[in-house]
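Structure, as structure tokens:
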Amino acid sequence: MHISFLLHNAYGIGGTIRTTFNLAAALAERHEVEIVSVFRHREEPTLGAPAGVTMKHLVDLRRNSPSYDGDHPDYKKPAKVFPRGDGRWKQYSRLTDARIAAHLKTLQADVVVGTRPGLNVHIARQARRGAVRVGQEHLTLDSHGYRLRREIGHRYALLDAITTVTEADARSYRGRLKLPGVRIDAVPNSVPAPGVEPADSTAKWVVAAGRLTRVKRYDLLVEAFAKVAATRPDWRLRIYGSGDATGNEKNALRALIEERGLHNHVFLMGPANPLEPEWVKGSIAAVTSRLEAFGMTIVEAMRCGLPVVSTDCPHGPGEIIEDGVDGRLVPVGDVDAIAGALLGLIQDDDLRRRTGQAALAASRRFDPVRIAERHEAIFAELVAQGTNGRSRSRVRDTLHRTRGALLDAAYTVRYKAADVLRKGKPA
């Protein structure tokens, strides 16, 4: 099969980029695979180009490039196809509308895969008839605002399949949206085996990793570790990750660390790439989020032989960790439960070692080859069915496109009215 992924920006850093690269590289061992990046802002992908995969881009934002598109007149005009509800809408434009449309119109792939809602909408509306159209959900349906959920509920009816990263989210898609004829499957993200030896559970370090944002609730982890340090002052905590542009969360964490007198116990390490050598310096991993669409860091830590203490937040941790076997699940927001679970592993060397070994074994189910096989089976079945064998008919396609045109017109009127009201307000 010829499989084409449409990605926002393959040259940046992020979970969606990493998991797309992992999947593409595994599929490329048996198929012709390409990744088409809407944007390109540097010479080489930060994460390194996946082996055997063709890389392309549609909009060139390299200022020194002869094909630089930042001065194109349509680059400053707001997008009409890419939905406003997608958080990346301001980065899209009439230029991206045109470039993506031209790409999808001429694309001869058997399967075209979108990797975020806005791109899935492009594929639903613009991919040529005959290609299997797959939309991936890397977050959750509930995490999207009303406007985007409404557009998803309508536009995704023109897709052939949707894949989510958890079964819980797949149930949301099946139960809350009317998408007759659209296949909905849960396939988790993949994480390759690390190129380092697994942790041996003897280091007296707890490790956490992820962006320094409120949803990660690192403040709870710091509070919990104050209780840990009071009992086991020989243990330390490292938190890896970059903050947002304001630096507010990082500053707040630093203040909390000082306030609790933990400057010799809790360390903000900044970003690390690759992270595997840092995981194996620890013996326990911690996740205190209030929401995880999947939980890539959980799997990454487990693949390095670390048991993970995680909040049992929606949606991923409970589908990854078997409580008491390869990690611990604790109630969301419960500092005492987090501290208790950490201390339970810290105080029992044998339990920590056994749980780490179980985590290493359990994590193999997320190997890219195994996950690629699941995607491959979905793609192959849809390709084998052919356009005429799918439940969606040409009449239904036309109906949805007509309704979509009416939806576009209604949104245009609404946005123009909102702009008039906004411009009329006093400064």
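The values are calculated or read from the model by the stated rules, or taken from the named source; none is laboratory data. None of the values given here were measured: they were computed from a predicted structure. So basically every Cβ, Gly included, is an ideal-geometry build from the backbone, and we count neighbours across all protein chains shown. To get the accessible areas, we keep the full protein, side chains included, count just its heavy atoms, and leave off ligands, DNA and RNA. Shrake-Rupley method; radii C 1.70, N 1.55, O 1.52, S 1.80 Å.
Surrounded by 17 or more Cβ atoms within 10 Å (Cβ to Cβ) and either in contact (Cβ under 8 Å) with a residue 40 or more places away in the chain or assigned to a helix (DSSP H, G or I) (or both), is that true of Arg328? No. If only residues of the stretch 49-68 that are closer than 21 Å to Thr106 by Cα and part of a loop (DSSP other than H, G, I, E, B) are counted, the one that is most open to solvent (accessible area, probe 1.4 Å) is Ser67. Here the condition is being out of contact with any Cys (no Cβ under 9 Å at 6 or more places or on another chain) and within 30 Å of Val369 (Cβ to Cβ); of Arg147, Arg183, Arg128, it holds for Arg183 alone. Count of the stretch 1-45 residues, restricted to those that are open to solvent by 50 Å² or more (accessible area, probe 1.4 Å) and at pLDDT below 95, is 2.
Restricting attention to the stretch 122-177, the residues that are open to solvent by 30 Å² or more (accessible area, probe 1.4 Å), under 18 Å from the mean Cα position of the chain (by Cα) and either of a type in the set (Gly, Ala, Ser) or farther than 30 Å from Gly318 by Cα (or both) total 2. Of the residues making up the stretch 231-249, those that are part of a loop (DSSP other than H, G, I, E, B) and open to solvent by less than 40 Å² (accessible area, probe 1.4 Å) are Trp235, Gly241, Gly247.
Among all residues of the stretch 204-220, there is at least one that is in contact (Cβ under 8 Å) with a residue 24 or more places away in the chain, more than 19 Å from Ala339 (Cα to Cα) and among the polar types (S, T, N, Q).
Exactly one residue out of Val228, Val215 is assigned to a helix (DSSP H, G or I), open to solvent by 20 Å² or more (accessible area, probe 1.4 Å) and not acidic (Asp, Glu): that is Val215. Based on what the data block shows, is Gly12 part of a loop (DSSP other than H, G, I, E, B) and more than 23 Å from Glu373 (Cβ to Cβ)? So Gly12 passes the test.
Cβ-Cβ distances below 8 Å connect the following pairs, each with a first residue in the stretch 248-268 that is in contact (Cβ under 8 Å) with a residue 24 or more places away in the chain and over 22 Å from Asp234 (Cβ atoms), a second residue that is among the hydroxyl-bearing types (Ser, Thr, Tyr) and open to solvent by 30 Å² or more (accessible area, probe 1.4 Å), and a separation of six or more residues or different chains: Glu249/Thr213.
Applying the condition of being over 15 Å from the mean Cα position of the chain (by Cα) and open to solvent by less than 30 Å² (accessible area, probe 1.4 Å) to the stretch 178-187 and asking which residue is nearest to Gly295 (Cα to Cα) yields Ile184.
Applying the criterion of being of a type in the set (Phe, Trp, Tyr) and in a helix (DSSP H, G or I) to the residues of the stretch 70-129, the residue that is nearest to Leu179 (Cα to Cα) is Trp89.
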